[in-house]
1. Given the structure, is Asp205 over 49 Å from the mean Cα position of the chain (by Cα), under 22 Å from Val127 (Cβ atoms) and buried (at least 22 other Cβ atoms within 10 Å of the Cβ)?
2. Does region 138-155 hold any residues that are in contact with a Lys or Arg (Cβ under 8 Å, 6 or more places away or on another chain) and in contact (Cβ under 8 Å) with a residue 40 or more places away in the chain, and which are they?
3. With a cut-off of at least 1 residues that are of a type in the set (S, T, N, Q), name the strands (runs of 3 or more DSSP E) lying wholly within region 175-267.
4. Listed residues Leu178, Leu128; which is at pLDDT below 95 and over 30 Å from the mean Cα position of the chain (by Cα)?
5. Filter region 162-202 down to the residues that are open to solvent by less than 70 Å² (accessible area, probe 1.4 Å), hydroxyl-bearing (Ser, Thr, Tyr) and touching a residue at least 60 places away in the same chain (Cβ under 8 Å) and list them by number.
6. Would you be able to tell me the number of residues in region 242-264 that are under 25 Å from Arg153 (Cα atoms) and open to solvent by less than 30 Å² (accessible area, probe 1.4 Å)?
7. Give all pairs with beta carbons closer than 6 Å in which a residue from region 211-224 that is open to solvent by 30 Å² or more (accessible area, probe 1.4 Å) meets a residue that is outside any helix (DSSP H, G or I) and aliphatic (A, V, I, L, M); count only pairs at least 6 apart in sequence or on separate chains.
8. Tally time: how many residues in region 137-174 are in a loop (DSSP other than H, G, I, E, B) and either under 22 Å from Val224 (Cα atoms) or among the β-branched types (Val, Ile, Thr) (or both)?
Amino acid sequence: MPKEPIDPAEQSIGDGFQKLVQRKRKTPSGVWVIVGLAIFFAVVAFGIAGFIAVQAVLEKRHSANASPAAASVTPSATAEAGSTVAEAESPKKTETPKAGASGSASAQNSPPVKSDAKEEEDTRKEVLTRVDLMHNLSEKEKDQLYAQIERARGFTKIALIPFQSGRTAPGSAQIDDLVKRIQDPEVQKLLSDPTVALIFVGYADTQGDAAGNLEISRTRAESVQKMVSGRLKLANLLHSVGMGGQELFDKTNRDKNRVVEVWAVQP
C-alpha cells in the first residue's frame with residue numbers, strides 16, 4: 001500500500017517539536033558542576049565521620065585494655081599500703097609477751113617488788129619495826145598505820161644516806177648517787193605508778209636529848225627530799241619522817257645510826 005505523502009507543514013512542525021524535546025532533555029553543564037560539588041562534599045563528610053568513628057573505637061579499646069592493668073596495679077598498691085599499716089600497728093609474733101608476763105598497764109606500772117614471799121614478809125616487818133620506834137604516835141595512830149602497812153602492796157628500799165655527826169644536809173655526791181638510783185630502770189618502772197610514794201626517813205644517834213634528835217632526824221629527811229625534788233620531776237608523793245635518836249642500825253656504833261633511808265611504798 002503506497003504511503004501517503006507527508007505534508008511539508010506537518011513535517012516542519014514535527015521536526016521542531018523533536019528538537020524542542022531534545023533541547024529539554026539536555027542537562028546544562030552548571031548542573032553537573034553542582035552535582036559534582038555535592039558528591040565531593042558528601043565524600044568529605046563521610047570521610048570525617050568515618051575518621052571520628054574509628055578514633056572513638058580505638059579510644060574505647062585503649063581504655064578497655066588499660067582498665068585491667070589499672071585494676072591489677074590498684075590491689076597491689078592497696079595491699080602494700082595495708083601491709084605497711086599492719087606492720088606499723090600490729091605487734092609481730094616475736095614481740096608477743098611471753099606466758100607469765102603481765103600484759104596489763106597497771107601490772108607494768110606496779111610490778112611485784114619482791115618475787116620471794118619470805119623476803120617480802122621480812123621487808124614488811126622491817127617497816128613495822130620503824131613504826132614501833134615512832135614515839136610521837138599514839139597507840140591508836142600506830143594501829144592505823146599498821147593496818148595501812150599490812151594492806152600495802154610492797155616496799156622497796158632505794159638508798160641509805162649516811163650523815164656526819166651534827167650535819168643535817170647531804171653532800172652533792174650523795175644526792176648524785178641517789179638520783180642515779182632513782183633513775184634506774186627498775187625504780188622508774190615502779191615509780192611510773194603515780195600512787196607509789198617516796199618516803200624519806202631520817203634518823204639520829206642517841207646522843208643528846210630526844211627532842212633535839214627528833215628535830216635533827218626530821219631536818220635530815222626533809223633536806224634529802226627537797227634536793228631530790230629539785231633535781232627530778234616526779235609525779236609521785238614525797239613525804240619526810242623524822243624518827244629521832246635510834247640504835248636501829250647498830251647498837252655499838254652510833255655513826256651508823258645517823259642516816260636517811262629512802263623507801264618506795266606501794267599503797
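1. Yes.
2. Listed by number, the residues that qualify are Ala152, Gly154, Phe155.
3. Output list reads 238-245, 259-266.
4. Leu128
5. Ser192
6. Counting residues in region 242-264 that are under 25 Å from Arg153 (Cα atoms) and open to solvent by less than 30 Å² (accessible area, probe 1.4 Å) gives 7.
7. Partner pairs satisfying both residue conditions: Ile216/Ala204.
8. Here the count works out to 9.
The values are calculated or read from the model by the stated rules, or taken from the named source; none is laboratory data. Quick caveat, the model's predicted, so the values are computed rather than measured. Every residue, glycine as well, gets a Cβ built from its backbone with ideal geometry; the counts of neighbours run over all protein chains shown. Heavy atoms of the whole protein, side chains included, go into the accessibility calculation; ligands, DNA and RNA do not. Shrake-Rupley method; radii C 1.70, N 1.55, O 1.52, S 1.80 Å.
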